[in-house]
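Student: Have a look at the structure that comes next, please.
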Amino acid sequence: MTDGGGHAPAPISDLFASAVHRYGKVWADLAVAAVVAGAAATAVVVAADFVWGAGGLIVTALLAYPMAYFEFLGWVMLRGLPAPPPRRRVGAAAVAAAGTGVLAGVLVYVLGPFAAVVAPLLLFAVPAVAAGDVRPVAAVPRAASLAVRNFTRTWAVWAIALVFCAPIGISMFLVVSAFAGAGASILLGAALAVPIAWPFSALFVRALYGDLTGRSVVAPQDRTR
């Protein structure tokens, strides 16, 4: 079932291939943006550790990294639109990303690993605002509704993204754990995985949102220049 558009849904394999292809074409821009977002979150986490200790580090990390990821997702969505979005929508996407990131962090704090089961309910919140389909206040309900109506495709894409990205993070952690402590290894491993994992997942989510809604959310040239 799709959310309007009346078009035949693309195979998940095509969406995956599209995400990989686009990352291969514009990896430098995406990697730099992901590094900037991840570095900003890491700086906040390190500051929290310095001020509040380990307890503050954990809570801050659960909020900072999801917020940074959703801000990055918003940037990926906005840059891929066929026409440059108005400033108001750019600001709205940033607000939606912050709110969605906080909600995601709270879910992880409350549910732990089980948060992965419900995380897809939040995937389309920022894309919907960036595409101009909804205002920030209605972003999460819209995202949850779209995800549930397209349950199989949404959770399948989420599972593929996890399977693709998780080994990257684990590998980076194992590399840095040889010369760093557990806490530092987690931060460094995550930082090294971000330039690959975040761009791919954002492109995958963007492709799925466009496919489910029938909207043109990816410019032919991805507006890379």
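The values are calculated or read from the model by the stated rules, or taken from the named source; none is laboratory data. Not measured: the values here are computed from a predicted model. In this analysis, Cβ positions are derived from the backbone assuming ideal geometry, glycine residues included, and neighbour counts consider all displayed protein chains.
Student: Scan segment 145-153 and give yes if some residue there is modelled with pLDDT under 95, under 14 Å from the mean Cα position of the chain (by Cα) and either in a helix (DSSP H, G or I) or under 22 Å from Ile196 (Cβ atoms) (or both), otherwise no.
Tutor: no
Student: Let me ask something else about it. Among the residues of segment 79-90, is there at least one that is farther than 12 Å from Leu203 by Cα, touching a helix residue (DSSP H, G or I) at 6+ places or on another chain (Cβ under 9 Å) and modelled with pLDDT of 90 or more? Before you say what the answer is, go through the steps one by one.
Tutor: Residues of segment 79-90 farther than 12 Å from Leu203 by Cα: 81-90.
Right, trim to touching a helix residue (DSSP H, G or I) at 6+ places or on another chain (Cβ under 9 Å) and you get 81, 84-85, 89-90.
Filter once more, keeping what is modelled with pLDDT of 90 or more: 89-90.
Looking for residues that are farther than 12 Å from Leu203 by Cα, touching a helix residue (DSSP H, G or I) at 6+ places or on another chain (Cβ under 9 Å) and modelled with pLDDT of 90 or more, one finds at least one in segment 79-90, hence yes.
Student: So, one more: Can you pull out every residue in segment 76-92 that is touching a residue at least 60 places away in the same chain (Cβ under 8 Å) and crowded, with 18+ Cβ neighbours inside 10 Å?
Tutor: Within segment 76-92, Val76, Met77, Arg79, Gly80, Leu81 meet the criteria.
Student: Is there a residue in segment 185-202 that is within 13 Å of the chain's Cα centre (by Cα), surrounded by fewer than 21 Cβ atoms within 10 Å (Cβ to Cβ), farther than 24 Å from Ser13 by Cβ and at pLDDT 80 or above?
Tutor: As a first pass, look at segment 185-202 and keep what is within 13 Å of the chain's Cα centre (by Cα): 194-202.
Now narrow it down to the ones that are surrounded by fewer than 21 Cβ atoms within 10 Å (Cβ to Cβ): 195-196.
Applying the additional criterion that residues be farther than 24 Å from Ser13 by Cβ yields 195.
Now drop any that are not at pLDDT 80 or above, which leaves 195.
Yes; the residues of segment 185-202 include at least one that is within 13 Å of the chain's Cα centre (by Cα), surrounded by fewer than 21 Cβ atoms within 10 Å (Cβ to Cβ), farther than 24 Å from Ser13 by Cβ and at pLDDT 80 or above.
Student: State whether one or more residues within segment 43-57 are surrounded by fewer than 18 Cβ atoms within 10 Å (Cβ to Cβ), at positive phi, among the small types (Gly, Ala, Ser) and part of a loop (DSSP other than H, G, I, E, B).
Tutor: yes
Student: Let me ask another. Please verify whether Tyr69 is modelled with pLDDT of 80 or more and in a helix (DSSP H, G or I), treating the condition exactly as stated. Give the steps one after another, and end with the answer.
Tutor: On the way: modelled with pLDDT of 80 or more: yes; in a helix (DSSP H, G or I): yes.
Considered against the rule, which asks whether it is modelled with pLDDT of 80 or more and in a helix (DSSP H, G or I), Tyr69 comes out as yes.
Student: Can you say whether Tyr69 is under 13 Å from Pro199 (Cβ atoms) and hydroxyl-bearing (Ser, Thr, Tyr), as far as the supplied structure shows? Please lay out each step first, then the result.
Tutor: On the way: under 13 Å from Pro199 (Cβ atoms): yes; hydroxyl-bearing (Ser, Thr, Tyr): yes.
Yes; evaluated as a whole, the condition is true for this residue.
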